Amino acid sequence: MAFIPGTGFVRVQSRPLTCAPTRRSTALDMSLEQEDKVVVKEYFNTKGFDRWSRIYSEDGEINNVQKDIREGHQITIDTILEWLDEDGNLSQQKICDAGCGVGSLAIPLAQRGATVSASDISESMANEGRARADTVLGPDASRVSFEAADLESLAGSYDVVCCIDVLIHYPDEKLRDMIGHLGS
């Protein structure tokens, strides 16, 4: 397993990845984490959804900082797609896009033939991803499923797990455990 810093990309070539829901240590930890999660979820279902869906679109009015974010995000997407294309077997891959946003990675993966399980803590983001996939992929939209779910609840067996621009919302002391969960 290799975690590429700055990308949120975990790559495993030798065996499928299996995710199982993580466990919390104390009731206080769970309470504080739930409060943080509620704040993040509410943000990305409302104001954050409006802002980030505009940034991750090819149209829409954005400022120069948002333009830089859009361009940087696209470079990350293109780099990950290039890495996965090098393997030459995307049509045989089952990929988890954890924190999928509006489908910026999930949709091109499905276009390349991968089976993609995409999730986001925000129902608004996941719904927008589904709508974009239906528009872009047409009859092939069934190659990608979208759901509203947090990273801790992800479960399944995958060849590749991608998590882009999401881990920034987790406390530093929880990152190792979260990366371990996503790569387990």
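List of remarks:
- Sorted from greatest to least, the principal axis extents spanned by the alpha carbons of segment 129-184 come out as 42, 22, 15 Å.
- A cut-off under 15 angstrom between Cβ atoms defines the neighbours of Ala106, and their net charge, with Lys, Arg +1 and Asp, Glu -1, is -4.
- Amide H to amide H, with H built 1.01 Å from N, Val116 comes under 5 Å of Ile95, Val144, Ser145, counting only residues 5 or more places away or on other chains.
- Surface composition of segment 132-184: carbon and sulfur atoms hold 50% of the protein heavy-atom accessible area at a 1.4 Å probe.
- Globularity index of segment 86-177 is 1.06 (Cα radius of gyration / 2.2 N^0.38 Å, N = number of residues).
The values are calculated or read from the model by the stated rules, or taken from the named source; none is laboratory data. Everything quoted here is computed from the prediction, not taken from an experiment. For neighbour counting, all protein chains shown are included, and Cβ atoms are generated from backbone atoms with ideal geometry for every residue, glycine included. We work out accessible area using only protein heavy atoms, side chains counted, and drop any ligands, DNA or RNA first. Shrake-Rupley method; radii C 1.70, N 1.55, O 1.52, S 1.80 Å.
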